[in-house]
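All remarks here apply to the structure that follows.
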Amino acid sequence: MLDARNVSARQGRKHILHDISFSAQPGQVSAIVGPSGAGKSTFLKAMTGDLAYSGSITLNGQDIAQARLADLARIRAVLSQSTPMAFPFTVIEVVRLGLINSPGQDHIAQSALARVGLTGFEGRFYQELSGGEQQRVQLARILAQVWRPLGDDGVPSWLFLDEPVSSLDIGHQLQVMRIVRDFASAGGGVVMVMHDLNLTAMSADKVLLLKDGRAIDQGNPSTVFRNDQLSHAYECDLFVNRTPSTYAFILPQSAAPS
Amino acid sequence: MFSMDRPIAGDRSRSALRLTCALVVLLVLTCIAGLAVGAAGTSLWSALGDLTAGRELSLRDKVVLWEIRAPRVLMGVLVGASLAVSGAVLQGLFRNPLADPGIVGVSAGASLGAVAAIVLGASLPFATVLGTWLVPVAAFLGAWCATLLLYRIATRAGRTSVATMLLAGIALTALAMALTGLLVYMADDAQLRDFTFWNMGTLAGATWSKISVAALLILLPLSAAPFLASGLNGLALGEAAASHIGIPVQRLKFGAILIVAAATGAAVAVSGGIGFVGIVVPHLLRLASGPDHRFLLPNAALLGASLLLMADLLSRMIIAPAELPIGIITAILGGPFFLFILLRQRGIVDL
């Protein structure tokens, strides 16, 4: 499992994370939500080892501050909000970068592309794709990196995703959510930063709600997503309702048009 | 790694390997041309004919072929390969096709080191220990300092600003040239003579003794470079993403800077300033077979060597029997090429 305890971080003199404790289980999809500037991506960066922090973060029992990069790369893959590439790589060449430490596994690259619905894009130049297509190519790359959600030894793999659907249309948003659900169902763990509360309510087993670098609440979306809590976090009136299929959905309550 | 079944679209590894074979042939041909062409009337073919017939070569032919042309060709191969490979590694490090040791100040740093060694040489405590190695080692140190400084300035939080890189390169070059000028001003007549010969930037002064020093300094970084190849591929994703796929980014950067400094330093120490090879060669190869450094680095060494030999042939032929400094030829051909890349990339460069 992923276990973060009393994680704090500062940028210069400013505290950007205050004493956050959070855990995520393999087999589940966990999401981090909160308004812009709440520290969602910062907290994700701490968990992926890109940010110095105080407190402790362990992944599958390994302290990530002590673990070797190559060992971490075997059990977790990270998707950034966007990944501009230097040099004109083709799509298949980009996906194979995820297999850089798995010699002889190049065939996985094509399966990963098929998983994100980009079969036939192998020979296209990455730089010529749309932002959404680039994001899916990078998703294929990180899926290839941790292709098996659960290793032979029973050790789960993890996906850390920073706003994986931000540049996608609704069809592909749902596709990506299906992919992460399949990954979790097969025994892997998923931690993702999300903006869209409704998509999060539909897709996540657990949410962590952040505001100003502090954890406001965490747990099942139906318990975390409450009118008062969300309205406080986002500083606007939000109204939580239930769809017939029991997912929470959140309607913004704006002033009626005059 | 390279399966024999039908190639996948977008997988350019096979065409890159075919290119390697073609480049080997090209290098052999240019080497032969380098041995065959020269101001003296010596013919490689009649010399070979004499040798196969068991006849002794004339002293003149022996000197021309063995003491003048052969070391010159070998020096051209070494310098061309090291310039092209250091260009490719520097571009991989900065994640930008416009990084060239000559443009971003690395060569100027090497020059400063070399000139400091020539002028201050006698007064340096370890000068006698290093002997003929003094100038190349000083050039390496100069190039190393320049590359480190440039990286510190141009790269923030793992991202290189191209504008900052090019502008910092201008400033570093100006600073290094000013300090070089100061040293030249201090130099006595004998040192000035040494400096002038070194500064001409040609392959003309190649001798076997010079090569023995340069070969080691150049072959070490060239044989180390392929070990960086897959790391540099990963670095194309950016520093953070590269470390996420398990690449030890700090070690990779340190190694790349060391290799660039050693290869550029040695090339500058033996041949003065020869520009643009490091930018033209990797760019042509990326167009031909993609940016995968596992193929780009060896192919750059081969094409760099061939191109420099061709430029050297031109420099010997244009105003024969006199010759132009080779640096002029590479700058005349490479300068417009650099501008062409800059203009084509204007959107990406984002100045």
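The values are calculated or read from the model by the stated rules, or taken from the named source; none is laboratory data. From a predicted model like this one, the values you see are computed outputs, not experimental measurements. Cβ sites come from the backbone with ideal geometry, for glycine too, and all protein chains shown count toward neighbours. The accessibility values were calculated without ligands, DNA or RNA, using every heavy atom of the protein model including side chains. Shrake-Rupley method; radii C 1.70, N 1.55, O 1.52, S 1.80 Å.
Per residue, how large is the accessible surface of the protein assembly as shown? Use a 1.4 angstrom probe and give square angstrom. Walk me through the numbers before you get to the answer.
On the way: 26810 Å² over 609 residues.
Per-residue accessible area for the protein assembly as shown comes out at 44 Å².
Give the separation of the Cα centroids, segment B:251-312 to segment B:54-131, in Å.
13
Once the Cα atoms of segment A:155-232 are picked out, what are the Rg and Dmax in Å?
13.0, 39
How large is the Kirkwood hydrodynamic radius of segment B:71-349, counting all unique pairs of alpha carbons, in Å? Before the final figure, lay out each step's value.
Working: mean 1/r = 0.0537 Å⁻¹.
Across segment B:71-349, the inverse of the average 1/r is 18.6 Å.
At a 1.4 Å probe radius, which order do A:96, A:226, A:214, B:286 fall into by accessible area, largest first? Please report the intermediate quantities before stating the final value.
Values: A:96 50, A:226 100, A:214 125, B:286 15 Å².
Solvent-accessible surface, decreasing: A:214, A:226, A:96, B:286.
Mind listing P(r) for segment B:1-114? All alpha-carbon pairs, 10 Å bins, whole percents.
The distribution over segment B:1-114 is 11, 25, 25, 22, 14, 3, given as percents.
Find how much the distance from residue A:127 to residue A:36 grows on full extension, using 0.36 nm per residue of separation minus their present alpha carbon separation; answer in nm with one decimal. Please report the intermediate quantities before stating the final value.
Numbers: separation 91, 0.36 × 91 = 32.76 nm, distance 2.81 nm.
Fully extending the segment from residue A:127 to residue A:36 adds 29.9 nm.
Take the alpha carbon gyration tensor of the protein assembly as shown, find the square roots of its eigenvalues, order them as a ≥ b ≥ c, and report rounded if a/c is under 1.5; if not, report prolate when a/b exceeds b/c, else oblate.
Values: a/c = 2.86, a/b = 2.14, b/c = 1.34.
Note, shape of the protein assembly as shown comes out prolate.
P(r) for segment A:98-195, please, calculated from all Cα pair distances in 5 Å bins and given in %.
Distribution as computed: 3, 13, 23, 26, 20, 11, 4, 1, 0 percent.
State, in square angstrom and to the nearest 100, the accessible area buried between chains A and B, both chains counted, probe radius 1.4 Å.
2400
Under a Cβ-only charge scheme (Lys and Arg +1, Asp and Glu -1), can you give me the dipole magnitude of segment A:2-252 about the Cα centre, in debye to the nearest 20? Mind dumping the intermediate values first?
On the way: 22 positive and 23 negative charges, 53 e Å.
In total the dipole reaches around 260 debye.
Put simply, what bits of segment A:91-140 lose 40 Å² or more of accessible area when the other protein chains are there, versus the chain on its own (1.4 Å probe)?
When all protein chains are present, A:93, A:96, A:97, A:100 each give up 40 Å² or more of accessible surface.
How high is the relative contact order of segment B:129-263, in percent, with contacts defined as C-alpha pairs under 8 Å that are six or more residues apart?
Numbers: 73 pairs, mean separation 49.0, N = 135.
That works out to 36 percent.
Got the relative contact order for chain B handy, in percent, Cα pairs under 8 Å and 6 or more residues apart?
Details: 537 pairs, mean separation 106.7, N = 351.
Computed over chain B, the figure is 30 percent.
At a probe size of 1.4 Å, how large is the accessible area of residue A:202, to the nearest 10 Å²?
90
State to the nearest 20 debye the size of the charge dipole of segment B:240-351 about its Cα centre, where the only charges are +1 on K and R beta carbons and -1 on D and E beta carbons. Please report the intermediate quantities before stating the final value.
Values: 7 positive and 4 negative charges, 57 e Å.
Charge dipole of segment B:240-351: 280 debye, to the nearest 20.
With chain A treated as a Gaussian network of Cα nodes joined by springs under 10 Å, which of A:15, A:172, A:195 yields the largest mean-square fluctuation?
Looking only at A:15, A:172, A:195, the largest GNM fluctuation is found for A:15.
Any idea of residue A:174's accessible area? Nearest 10 Å², probe 1.4 Å.
Here the residue's solvent-accessible area equals roughly 70 Å².
Across peptide B:312-323, how many C-beta atoms of other chains are within 10 Å of each residue C-beta, on average? Spell out each step's value before the answer.
Numbers: counts 0, 0, 0, 0, 0, 0, 0, 0, 0, 0, 0, 0.
Taking all residues of B:312-323 together, the mean is 0.
Report the Cα centroid-to-centroid distance between segment A:92-125 and segment A:55-71 in angstrom, as an integer.
27
To the nearest 10 Å², what's residue A:167's accessible area with a 1.4 Å probe?
Accessible area of residue A:167: about 60 Å².
Quick one: give the max-minus-min coordinate of the C-alpha atoms of segment A:2-252 along each principal axis, largest first, in Å.
51, 43, 36
With point charges of +1 on the Cβ of Lys and Arg and -1 on the Cβ of Asp and Glu, referenced to the Cα centre of segment B:214-351, which listed residue (B:313, B:274, B:231) lies farthest in the positive direction of the dipole?
Value: B:231.
Quote the FRET efficiency, to the nearest 0.05, computed for residue B:123 versus residue B:227 with a Förster distance R0 of 41 Å and r equal to the Cβ-Cβ distance.
On the way: r = 38 Å, r/R0 = 0.93.
E between residue B:123 and residue B:227, to the nearest 0.05, is 0.60.
When the accessible area of the protein assembly as shown is computed with all protein chains present and a 1.4 Å probe, what percentage of it is carbon and sulfur? Write down the numbers at each step before the final one.
Values: 16640 of 26810 Å².
Result for the protein assembly as shown: 62 percent of the exposed heavy-atom area is carbon or sulfur.
Could you order A:58, A:119 so the one with the most accessible surface comes first? Probe is 1.4 Å.
Details: A:58 35, A:119 90 Å².
So, going from the largest accessible area down, we get A:119, A:58.
Which order do A:234, B:185, A:126 take by accessible area at a 1.4 Å probe, largest first? Don't jump to the answer; show the numbers that get you there.
Values: A:234 55, B:185 195, A:126 5 Å².
Result of the area sort, largest leading: B:185, A:234, A:126.
Suppose every K and R has +1 on its Cβ and every D and E has -1 on its Cβ; what is the size of the dipole of the protein assembly as shown about the Cα centre, in Debye to the nearest 20? Walk me through the numbers on the way to the answer.
On the way: 44 positive and 38 negative charges, 20 e Å.
My answer is approximately 100 debye.
If you take the Cα Rg of segment B:95-249 and divide it by 2.2 N^0.38 Å, with N the number of residues, what do you get? Each step should come with its number before you reach the end.
Numbers: Rg = 17.9 Å, N = 155, 2.2 N^0.38 = 15.0 Å.
Here the answer is 1.20, to two decimals.
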